[in-house]
Structures are given as structure tokens and as C-alpha cells.
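See structure below.
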Amino acid sequence: MVNYKELGLVNSRELFKKAIEGQYAVPAFNFNNMEQLQAIVQACVEESSPVILQVSSGARKYANQTILRYLAQGAVEYAKELGKNIPIVLHLDHGDTFELCKSCIEYGFSSVMIDGSHHPYDKNVELTRQVVEYAHKYDVTVEGELGVLAGIEDDVVAEHHTYTQPEEVEDFVSKTGVDSLAISIGTSHGANKFKPEQCTRNADGVLVPPPLRFDILEAIEKKIPGFPIVLHGSSSVPQKQVAIINQYGGKLKDAIGIPEEQLRKAAQSAVCKINIDSDGRLAMTAAIREVFAAHPEWFDPRQYLGPARESLRELYKHKLVYVLGSAGKA
Ligand code: G3H
Ligand code: 13P
Ligand code: ZN
């Protein structure tokens, strides 16, 4: 058993309190490898932002949980070396079983998500409660979820949103004891969040997706005032990156994300954690495809992973300053 405090990590409780008071959101960036982690730490140190490092169960399988734990420990030391001891949370993203959450806590995670949103309500409550009881013994914070996002989460595919029902949130939070709640108000996972026929076109011919359901968010905030809310599926799918990918041999069709101004508005509410993974994947892929096209003779991974890391760093800095508002809050 490794306690996250020995690794220099923090849980999310204090960060969320400050984020709600300060009307910004803490970034939750997914990572699977060293270059992604370096870019996240560099960006957050340069912009002086707290950060949540997220590991999905897929990432855990890909990279090995022991390696990920040491990478996260390395991130804490790297941030100090870069000159800023920013608060860093190591969080399990979309944990689906009690055993997985327990194992992550034993390996040094400071926060876990138990995603029981695909279960019937009572089962979700029971599973979430079980994780909270275990996690709180070690001062590890827990995120639960109510409502189902459209799109793909690990192996689960949902065709349509099931929006969070505001009537359920108070009961769920009090019965489970969770520290934060992920909700479904129209975001979704991946790079194809909307079909073109769901969108309208603005004066410049650009597709504009339907707005997030801020009415549901407001109703939830009324039921559980000041309680930390989490938004998953919050990549904006920058069209510049999509165009570069397609220009250099990629085949991304109808890639549409959540407009940044919608996320800025959400960050000023009780939404205090915003999850971003796909935008990082797009930035890396665009940079790598561009290098491969320009230098077909190159074969040293540092020659393409270096520019990919640089592009990621720029992307994350942009998010901190212009989308989440967490720059300067570390
Ligand atoms: O919500 C899902 C995250 O983007 C993680 O994706 O399961 O492919 O690692 P993954
Ligand atoms: P995106 O696919 O929109 O980046 O969402 C990531 C996420 O919610 C991770 O839990
Ligand atoms: Zn998610």
C-alpha cells in the first residue's frame, strides 16, 4: 500500500472548493505516456495551474499501473524542478468496479471515479457508496456519475444522451457521500460528438452544435448548492488540427466538439473539473502526421514525438488560459 501523500500528490477536495469560489475549472487531462505527461506538467507550471492527471482503465492496461504511478510521482518532482510546486491529483477516470478503485488507491491514486451511471439507480448508489467508504479511510476523494453521455466510454457505447435528472442528485449525493458528481448535459466522449444534421451553420458556414443544457445544470445547482460538478466529454475538437490530420493522409469525418465559449460559461458555474482527452490525441496525431509528411526519411521517435509534445503543451496552455480559467490559480 502506497499513500498518495508520500508521493507529493493531493486529493481534489481543496482544489474544487477554490475553483467554485473562484469561478474556474480545474483541468483533468488524460495521459498514457511520458510525452503527454511532460506536456501537461510544462503547461501547468508555466501557467501556474493546478492539475488532475487522469488515467483510464484502458491507459492502465496500456502503460501498466506501476509505471503510471511512478510517472505521476515523477510529475510532482518535475514540476518542482521547473520551479513551481503546483497541486497535482492522480485520478482514476471511469473506474467501473470496486476492485479497480481499491487497487488504484493502494497504488497511490489520490482520487477515483466510480462510474456506475450505466447501472440502474439503486445499483449505482450501492456501488458508489462502497467505493466512498473505502476511499475515505485513506482521504482519497471520489467522483460519481448520474446520467449517461452519448458516445463511447471504454467498451460502453451509448447512442443517445440520458440527461442527469435534477430530482435525483440530492438523494444520490447524500446516500453515497461522493465528493463530486459528473453530470450529463449534452457533452459526449470522442471526436464525433454531434452529427452534422444536429448542427446549424453560422454566417461563415461553420457548423455550430446544439448548446449544452445549462437549464439542467442550473436546476442541479439549485438542488445541491456549492457541490462540485464535473463535465466529461469536453474536448472542442479544433478544426485546425482536424484539417492538418486530413491534409496529411488522415480520414477524420464529421469531427465536431464542444465550442470553447460553452465550456468557459460552464467553468464559471459549479462545474469545477473539465475532462479533456480527445483534443490532446488530435494535437499529437496532427503534429506526427505533419512531421512524417515533411521528413519521410526520419525514423528517430524523438523527431516526431518532440513536436507532438510541443503541440500538446501549446494546446494545454490555451485551455488553461482561455477555456478553464485555471491559469494563475496554483
Ligand atoms: O473517457 C474516456 C477517456 O477519453 C479515456 O479513453 O478509455 O480510450 O483511454 P480511453
Ligand atoms: P473527450 O473525449 O471529449 O476529450 O472527453 C474525455 C473524458 O471525458 C475523459 O473522461
Ligand atoms: Zn469521461
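The values are calculated or read from the model by the stated rules, or taken from the named source; none is laboratory data. Owing to the predicted nature of the structure, the values given are computational and were not obtained by experimental measurement. Cβ placement follows ideal geometry from the backbone for every residue including glycine, while neighbour counts extend to all protein chains displayed. These accessible areas exclude ligands, DNA and RNA; they are computed on the full protein's heavy atoms, side chains included. Shrake-Rupley method; radii C 1.70, N 1.55, O 1.52, S 1.80 Å.
Some points to look at:
- Sorting 160-172, 205-217 by their mean Cβ neighbour count within 10 Å, with the most densely packed peptide first, gives 160-172, 205-217.
- Global dimensions of the stretch 180-271 from alpha-carbon coordinates: Rg and Dmax equal 15.0, 49 Å.
- A straight Cα-to-Cα reach below 16 Å connects Lys175 with the aspartates and glutamates Asp115, Asp122, Glu126, Glu133, Glu143, Glu145, Glu167, residues fewer than 8 places away in its own chain not being considered.
- Based on DSSP H segments of at least four residues, each scored -39500 (n - 2.57), the chain has a per-residue ellipticity at 222 nm of -14000 deg cm²/dmol.
- Packing order of peptides 77-83, 7-13, highest average first: 7-13, 77-83 (average count of other Cβ atoms within 10 Å over each peptide's residues).
- Å² of accessible area per residue within the stretch 204-264, as computed with a 1.4 Å probe and no ligands counted: 50 Å²
- Relative intensity, log₁₀ I(q)/I(0), of the chain from a Debye sum that treats every alpha carbon as a point, q = 0.06, 0.08, 0.09, 0.14 Å⁻¹: -0.19, -0.34, -0.44, -1.11
- Peptides 109-115, 310-316, 280-286, ordered by how many other C-beta atoms sit within 10 Å of their residues on average, highest first, read 109-115, 280-286, 310-316.
- Full-extension gain in nm, Ser48 to Glu133, via 0.36 nm per residue minus C-alpha separation: 27.3 nm
- FRET efficiency for Glu314 and Thr162, using Cβ-Cβ distance with R0 set to 41 Å, rounded to 0.05: 0.70
- FRET efficiency, Lys61 to Asp204 (Cβ-Cβ, R0 51 Å, nearest 0.05): 0.75
- Counting only lysines at least 8 places from Lys253 when in the same chain, those with an alpha carbon closer than 19 Å to its own are Lys193, Lys195, Lys240.
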